[in-house]
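See below for the structure under consideration.
No value in this document is a laboratory result; all are computed from the given coordinates. As the structure is a prediction and not an experimental result, all values here were calculated from the model. Here the Cβ positions follow ideal geometry from the backbone for every residue, glycine too, while neighbour counts run over all protein chains shown.
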Amino acid sequence: MEAVNTPKKTKTKPDIGGRVRAAGVVGAGGAGFPTWKKLAARVETVIANGAECEPLLRNDRAVMRRHPERVVAGLEAAMTAVGARRGVIALKRHYREAAEALGAAVRGKRRLSLHFLPEVYPAGDEFVLVYEVTGRVIPAGGLPLQVGVVVNNVETLYNVSRAVEGIPVTGKHLTVTGAVAAPKTLHLPVGTSVGEAVALAGGSLTDPWVALEGGPMMGAVVEDPRRPITKTTSALIVLAPDHPVVERKTRDLVFDLRQIQSACCQCSYCTLVCPRALLGHTFKPHLVMRSLALGFAPLGDGVSHAAACCACDLCGVYSCPMLLAVGRLNREVAAGMKERNLVPPPQPREPRPLPLREASLIPVERLTARLGLGEYDRPLPHDETAYRPQSVTLPLRQHIGRPARPTVKEGDAVEEGECVADLPPGEMGAPIHASIAGRVTRVTDAAVTIAASTRRKG
């Protein structure tokens, strides 16, 4: 009898990038960069960003504390996808419970480690984070992959671990704090309204109120309580409309420009605390302000590097003795250059961190006091109790790239997790999934609205 040669079974690697794209995973802590695109790179190191550098925020440390295995599994999946040899979870040392939970989760995993960051702002900026962890400086206008690194927020990696198992993104961890009766960190269906989230935190203690979506430094003011939370909503900070933080973000831009023209004394304090300048980049905010004050076009000395701004806003909020809107105006200059397709010239040398960089870092506690938010800096309970709103509105652009296109129509019944909007393969963006079961009540070019299913009693 002839021997039968049974072919050996080969273990096929899962298409991690494909699963991450199908699950609609985007950067949970920033602008919503589609994660599948990052995982198409080839790099040496993957950094899990758990710095959570904005004052008052607590959601990332809650994810790390309560779901360390998910964070680690997502990190390992990302490392497999990009071929990385090293994975690092970067967080602040005083996140003790999160550090203990993650320390236990990485124990025995030789390729993984924790890296503890100082309690400064903006420790979570990608350029700053990459330098702190690797000692490498990303070129001006560049990306972490240029120095062999991919950076993902810890909640993004939580979602990556679920995506590998076929679970799409339908929920969001977010901090609800500020002038509310019961501040907490929640896990809510994407598309839940801002007003509902505030009500779940006990409601506002001030009337009228607005919310900062994101942190007090880089967050945007939300005045409409019907606005839905998205995959990138990290926090809602409730404040009175006349709070200085809100007034700074909403006042007339012409007023800010006139203040610069009349009061900027070129002290250069803004440049002395600029995270980009401290890393050795050519960008100098005080030169941008000088150009604006003198009425020059946005290509004067130093102004061409305005695009290097990380939008942290330390320059105006913390360092400027006149409290001028340095960061806001710099971003306007950078946006104007982008609209006109003006590309800054290459820097004349490789950036090298300044010798006094570490002495110039700004403690978060001191920044919180300067913002007038010290009374809201407190521990927050984490509440993952299932909440099902009566309806959700799902914006079709919750990410960098093109908006997703609806795959459902009004009247369709959908299940939680079902895809309701998608893009052609390879197109920059991410699909959107129903965050509740129900019936589609409205479809527009901007959003899909779903009314929750009614449950029969008995």
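Data overview
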| item | result |
| --- | --- |
| Amide H partners (placed H, <5 Å) of Gly171, local residues excluded | Val190 |
| Added length on full extension, which subtracts the Cα-Cα distance from 0.36 nm per residue, His94 to Leu205 | 37.0 nm |
| Charge dipole (region 230-382, unit charges on Cβ, about Cα centre) - positive-most of Val245, Pro355, Thr368 | Pro355 |
| Amide proton proximity set for Ile362, modelled H, under 5 Å, gap of 5+ | Tyr121 |
| For the chain, cysteines whose Cβ has no other cysteine Cβ within reach (under 4.7 Å) | Cys53, Cys264, Cys265, Cys267, Cys274, Cys309, Cys310, Cys312, Cys320, Cys419 |
| Sequence-separation-based contact order of the chain, relative, with Cα cut under 8 Å and 6+ spacing, percent | 16 percent |
| Out-of-range pairs (alpha-carbon distance over 30 Å; input Lys92/Lys231; Lys184/Lys284; Lys92/Lys249; Lys249/Lys284; Lys231/Lys284) | Lys184/Lys284; Lys231/Lys284 |
| Amide H partners (placed H, <5 Å) of Gly214, local residues excluded | Ser234, Ala235, Leu236, Ile237 |
| Under 16 Å from Lys409, Cα to Cα: aspartates and glutamates that are on another chain or at least 8 residues apart | Glu418, Asp422, Asp445 |
| Cα-based Rg / Dmax (Å) for region 356-458 | 20.8, 70 |
| Positive-end extreme of charge dipole, region 5-137 - chosen from Ala99, Leu56, Ala78 (charges on Cβ) | Ala78 |
| Potential extension, Glu350-Glu44 segment - 0.36 nm per residue separation minus Cα distance | 108.1 nm |
| Ratio Rg/Rh, restricted to region 111-201 and using Cα atoms, in which Rh is the Kirkwood radius | 1.06 |
| Helical contribution to [θ] at 222 nm, DSSP H n ≥ 4, -39,500 (n - 2.57), averaged over the chain, rounded to 500 | -8000 deg cm²/dmol |
| Translational diffusion coefficient (Stokes-Einstein; Kirkwood radius from C-alpha pairs) of region 242-396 at 20 °C, 1.002 mPa s, in µm²/s | 122 µm²/s |
| Cβ crowding within 10 Å averaged over residues, with 171-181, 388-398 ranked highest first | 171-181, 388-398 |
| Rg/Rh ratio calculated on Cα atoms of region 214-324 (Kirkwood radius) | 1.01 |
| Angstrom value of the Kirkwood radius, inverse mean 1/r, which spans all Cα pairs in the chain | 23.3 Å |
| C-alpha long axis of helix 96-106 to longest principal axis of the chain, angle in ° | 50 degrees |
